[in-house]
1. Per residue, how large is the accessible surface of region 1-147? Use a 1.4 angstrom probe and give square angstrom.
2. Quick one: order ASP263, ASP243 from most to least accessible surface, probe 1.4 Å.
3. Working from Cα positions, state the angle (0 to 90°, nearest 10) between the long axis of helix 122-136 and the longest principal axis of the chain.
4. Report the local net charge at HIS16: Lys and Arg +1, Asp and Glu -1, summed over other residues whose C-beta lies under 11 Å from its C-beta.
5. What dipole magnitude, in Debye to the nearest 20, does the chain give about its Cα centre under +1 on Lys/Arg Cβ and -1 on Asp/Glu Cβ?
6. Nearest 10 degrees is fine. How inclined is helix 43-59 to the longest principal axis of the chain, computing both from alpha carbons?
7. For the chain, find the longest principal axis of its Cα atoms and tell me its angle to the long axis of helix 344-360, 0 to 90°, nearest 10.
8. Any of LYS41/LYS85; LYS80/LYS121; LYS18/LYS160; LYS18/LYS80; LYS45/LYS85; LYS12/LYS242 with alpha carbons more than 22 Å apart? Name them for me.
Amino acid sequence: MGQKVGKKGVDKGLEHYKEQRFEEAAFEFHNVLKKTQKTEKSPDKFVIYGYLCTIYYDTGKYRDILRYADHQIDIANSLKDSCMKAEAFFNLARGNERLSLFDKAVLFCKESITVNSKRSKILGYSHLCLGNAYFGLSDFCNCCKNVDLSLAFARQTKDKRLDILANVSFGILFTNLRDYDTALYYFERALDTLHGQNDTDNLDQYQRLLEVCLAVPYFRKGRLNDAMESCEDALKMAMQCKDRPVQAKCLFTFAEIHRTRKDTERANPRYESAYSIYTEIGDRYGQMESLRGMAKSTTLSGDTQQALELYQRALDLSESIGNKFGTMQCSVALADLYNEDGNSAMGDTYKSAVRTLAEHMELFCGVCGETMGQLPEELYPLPCGHLIHNRCGPHLARYTWGRKGTRRPCPSCRVKSSGNPILEL
């Protein structure tokens with residue numbers, strides 16, 4: 001690997017990657033690997049496998065990430081290098097997280113964090129991946145804590161890439177919980193970081209991700225033209241770079257916009273196209289969301305039986321990946337449909353499951369006790385990871401008025417916290 005031809009191939013691959021020519025980059029890295037001995041376990045080979053993991057992550061070839069991360073594990077174990085192990089476990093984690101194998105992703109993230117004794121750059125990314133995996137499991141408290149940790153690492157190390165991705169993760173979380181104002185705040189923070197990049201930062205590839213992410217809060221806040229323009233721009237960029245995950249997200253977002261406008265003829269084929277891509281890349285969370293979108297669209301069309309079947313498929317998928325929030329959303333819809341269809345027994349069964357799921361996810365505001373994430377409203381994250389309604393902040397302050405020099409506890413976990421809506425009294 002120390003030969004000039006190897007270095008030339010690596011440099012060429014990196015140049016292609018910088019230009020977002022991902023297929024050409026992968027081709028160059030594979031060529032370099034072909035010119036090395038199959039039995040060789042060197043640091044250089046480990047680095048090439050890492051480049052391939054990143055390329056496949058960006059293009060949606062998540063199963064290939066696991067294959068090359070396994071090769072990295074072999075080399076890391078052979079060389080007894082803890083930093084290498086941390087990176088290999090991180091790659092295993094992010095591959096599994098994208099394949100919606102969230103429990104596995106959590107385990108590999110924790111392994112990466114544990115062996116990262118030298119606090120290498122990968123630590124912040126491991127916490128981000130852990131936060132994303134917890135999001136997939138609908139553990140929003142641990143999601144918030146780990147994404148916040150990754151943001152802290154980004155600021156400490158001045159890592160703009162990590163800063164963008166952490167803000168995107170927070171934006172997606174709050175979009176999911178229907179707090180579109182907070183979601184927009186995080187997406188715009190990521191956009192500011194992107195626009196403030198230097199020529200050497202190589203962050204342009206995140207433009208398309210941000211554009212499609214911004215489309216949802218734009219639309220929900222009545223900015224239809226901005227939403228459509230963002231989604232169209234993102235789709236064009238994604239198709240040029242063969243970025244399948246962003247293509248799927250764009251198609252799904254277009255479908256959501258058309259469905260909300262009751263244009264089911266446009267919504268349905270886009271849901272189906274998104275579902276097809278998510279199936280191709282192995283993203284079962286995306287499949288579940290697409291099926292739920294199809295069910296909503298079918299409900300608008302008046303086909304109750306097909307809607308029930310689609311919701312049941314989405315429910316089965318959400319349960320199989322451990323996504324409690326998706327399971328709850330499907331249960332809410334199934335309860336309504338069965339009650340409207342005159343089957344109150346089935347409706348009551350799904351309705352009772354909703355409250356249980358909300359309790360498991362701690363989706364009750366610790367101040368007012370009402371469920372969060374069902375209606376558009378602004379939320380406030382406490383440092384412990386729990387969420388409360390933003391409107392409940394003054395009530396939380398009132399409960400401890402006059403306790404000077406003390407910090408108010410989180411009403412959910414009673415942990416002393418300095419980040420409640422009003423600071424020390």
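The values are calculated or read from the model by the stated rules, or taken from the named source; none is laboratory data. Predicted model, so just to flag it, every value in this text is computed and none were measured. Please note: Cβ atoms are built from the backbone with ideal geometry, for glycine as well, and neighbour counts cover all protein chains shown. Just so you know, the surface numbers come from the protein's heavy atoms only, side chains and all, with ligands and any DNA or RNA stripped out. Shrake-Rupley method; radii C 1.70, N 1.55, O 1.52, S 1.80 Å.
1. On the way: 6870 Å² over 147 residues.
Per residue, region 1-147 has 47 Å² of solvent-accessible surface.
2. On the way: ASP263 50, ASP243 10 Å².
Final ranking, largest accessible area leading: ASP263, ASP243.
3. Taking the Cα atoms of the chain, the angle to 122-136 is about 40 degrees.
4. On the way: positive: LYS12, LYS18, ARG21; negative: ASP11, GLU15, GLU19, GLU23, GLU24, GLU28.
Once positives and negatives cancel, what remains is -3.
5. Values: 58 positive and 55 negative charges, 299 e Å.
For the chain, the charge dipole is close to 1440 debye.
6. Taking the Cα atoms of the chain, the angle to 43-59 is about 40 degrees.
7. 60 degrees
8. Details: LYS41/LYS85 14 Å; LYS80/LYS121 19 Å; LYS18/LYS160 16 Å; LYS18/LYS80 31 Å; LYS45/LYS85 14 Å; LYS12/LYS242 19 Å.
In this structure, LYS18/LYS80 lie more than 22 Å apart at Cα.
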